[in-house]
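Chemist: What follows is a single structure, and I will ask about it in a moment.
The values are calculated or read from the model by the stated rules, or taken from the named source; none is laboratory data. Quantities reported herein were computed from a predicted structural model and do not represent experimental measurements. Here Cβ is always computed from backbone atoms with ideal geometry, including for glycine, and neighbour counts include all displayed protein chains.
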Amino acid sequence: MSRRRVVITGVGCVTPLGNDIQTFWDNLLAGKSGMQAISHFNAKSFSTNFAAEVKNFKLDDLPKDRGDLTYALRNCRYAVKAALEAWRQSGLEVCPTLDRNHMGVYLGAGEGPLDFDVFMNAIGKSYQPDQRKIDARIWHQYAAAGLHKLRELEQEPNTVGNHVACVLDARGPVFNCLTACAASTQAIGQATEMIRRGEAEIMVAGGAHSMVHLFGITGFIRLTALSGDNHNPTGASRPFDLERNGFVVGEGAGIVILEEFESAKARGATILGEMVGYGSSADAFRITDTHPEGRGAILCIKMALEDAGLKPEEIDYISAHGTGTQENDGTETLAIKRVFGEAAKKIPMSSIKSMTGHLIGAAGAVELITCILAIRDGIIPPTMNLHNPDPECDLDYVPNQARKHKVRIALSNSFGFGGQNDSLIVRAAE
């Protein structure tokens with residue numbers, strides 16, 4: 001029995017480069033940077049005090065009586081905004097035959113941070129230095145006072161997907177995965193599989209994340225994963241450059257509308273691309289390190305190619321995970337060489353994290369959207385700040401300037417912290 005085809009009919013995003021697809025794409029092709037001093041909290045004393053924040057965000061076009069976002073955190077609001085853009089582009093909003101019982105949501109969504117300041121304030125007020133411990137009674141008093149406007153439920157990872165389901169009235173399955181930097185890529189891959197198997201007709205898939213908060217920045221600093229170039233935030237993210245010294249934390253959301261092909265064609269939908277390949281693997285090595293020979297990355301790329309029935313040389317563009325850390329960029333380059341062989345140096349690849357920062361759970365979805373737009377417009381976004389190439393990173397990373405290039409088939413890689421690897425392949429509509 002042949003599997004069902006899955007196509008993309010809508011895309012939406014909220015990013016440090018813009019809160020809609022066209023603004024994001026224009027700024028990406030122009031090589032603009034989303035990095036600046038952190039404004040979400042006071043980070044002046046931090047060894048890294050800049051990030052790629054979403055700017056000028058507004059969510060004022062919600063459908064009437066459709067979901068209550070009064071208590072929703074940033075990640076939820078970003079996801080809903082991106083989902084509404086994708087939904088409206090898909091044309092499903094005005095589809096008279098839409099069966100909402102067979103429409104689901106699958107996200108790779110991480111935390112929303114608005115209450116971390118409350119917790120930290122409560123800790124500061126309740127800490128007893130003479131006893132070197134927290135007074136639980138005082139902690140609860142201050143925490144309760146600060147949290148009276150927030151619902152505990154809003155901290156649950158599945159809340160983001162449920163908000164999207166409420167706003168779009170999606171009554172099918174709602175799932176969320178938390179696989180770090182690979183989360184939204186995995187979510188889109190798994191949502192594709194659900195439609196292929198006939199478990200859904202339409203899936204709203206992608207991810208949302210905001211780790212630009214005190215705990216998030218502190219954690220990454222302690223891992224020595226962040227660039228500390230406070231004097232030059234816009235040039236701090238430099239994937240594949242010899243002088244790269246860490247990634248830049250970003251935030252945002254990316255959403256795609258996936259549909260069964262025959263159904264989308266029957267209603268006259270504009271098809272933006274077809275999902276043809278998905279691969280997922282684990283490094284099974286260490287929680288904090290990528291396997292030095294890239295075995296997990298190699299496996300998931302091979303799986304995606306096999307799933308798509310493609311030869312390596314048929315790929316026209318690779319959206320690299322490209323974080324700007326010494327370990328990731330070298331390992332990803334090695335993996336591409338091992339899989340693609342002689343074709344590796346002929347296929348352009350770029351990392352938009354050089355401009356958007358690392359959107360963590362949302363990164364993969366936004367990078368897949370980049371592939372879809374590259375297919376649409378025949379142009380590849382650049383890897384910015386690549387001025388001193390690492391001799392070990394010797395592939396074509398499209399340095400510093402967008403490039404016109406016909407893209408029919410694109411590969412998007414996401415390699416998550418802890419050893420989670422996922423790859424997607426999207427093809428031009430046929």
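Chemist: Considering only the range 40-54, I want to know if a residue exists there that is buried (at least 20 other Cβ atoms within 10 Å of the Cβ), among the basic types (Lys, Arg) and either at pLDDT 90 or above or within 28 Å of Gly246 (Cα to Cα) (or both).
Modeler: Scanning the range 40-54, I find no residue that is buried (at least 20 other Cβ atoms within 10 Å of the Cβ), among the basic types (Lys, Arg) and either at pLDDT 90 or above or within 28 Å of Gly246 (Cα to Cα) (or both), so the answer is no.
Yes/no per residue for (1) more than 25 Å from Ser281 (Cβ to Cβ); (2) without any contact (Cβ under 8 Å) to a residue 60 or more places away in the chain; (3) of a type in the set (Val, Ile, Thr):
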| site | (1), (2), (3) |
| --- | --- |
| Ile195 | no, no, yes |
| Met211 | no, no, no |
| Asp241 | yes, no, no |
| Glu259 | yes, no, no |
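Chemist: Next question. For the range 317-358, give me each residue that is surrounded by fewer than 24 Cβ atoms within 10 Å (Cβ to Cβ) and outside any helix (DSSP H, G or I).
Modeler: The answer is Thr325, Ile347, Pro348.
Chemist: To continue, here is another question. Select the helices (runs of 4 or more DSSP H) contained entirely in the range 150-268, then report the ones holding at least 1 residues which are in the same structural domain as Gly12 (by TED's automatic domain parsing) and acidic (Asp, Glu). Walk me through how you get there before you give the answer.
Modeler: Working: elements: 159-168, 183-196, 214-222, 261-266.
By residue number, 183-196, 261-266.
Chemist: Additional query: Among what's in the range 218-228 and is surrounded by fewer than 24 Cβ atoms within 10 Å (Cβ to Cβ) and in contact (Cβ under 8 Å) with a residue 24 or more places away in the chain, pick the residue that is farthest from the chain's Cα centre (by Cα). Can you show your working first?
Modeler: Of the residues in the range 218-228, the ones surrounded by fewer than 24 Cβ atoms within 10 Å (Cβ to Cβ) are 218-225, 227-228.
If we keep only those that are in contact (Cβ under 8 Å) with a residue 24 or more places away in the chain as well, we get 218, 220-221, 223, 225, 227-228.
On the way: Thr218: 21, Phe220: 17, Ile221: 21, Leu223: 21, Ala225: 18, Ser227: 19, Gly228: 23 Å.
Only one residue tops the list, namely Gly228.
Rundown of residues vs (1) surrounded by 18 or more Cβ atoms within 10 Å (Cβ to Cβ); (2) basic (Lys, Arg); (3) closer than 13 Å to Val6 by Cα; (4) in contact with a His (Cβ under 8 Å, 6 or more places away or on another chain), yes/no style:
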position	(1), (2), (3), (4)
Pro233	yes, no, no, no
Val248	yes, no, no, yes
Glu262	no, no, yes, no
Val276	yes, no, yes, no
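Rundown of residues vs (1) surrounded by fewer than 23 Cβ atoms within 10 Å (Cβ to Cβ); (2) outside any helix (DSSP H, G or I), yes/no style:
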| residue | (1), (2) |
| --- | --- |
| Cys371 | no, no |
| Asn385 | no, yes |
| Lys406 | yes, yes |
| Asn413 | no, yes |
| Asp422 | no, yes |
| Ile425 | no, yes |
| Ala429 | yes, yes |
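Chemist: Residues of the range 234-252 being out of contact with any helix residue (DSSP H, G or I) (no Cβ under 7 Å at 6 or more places or on another chain) and closer than 15 Å to Gly31 by Cβ, which ones?
Modeler: Thr234, Gly235, Ala236, Asp241
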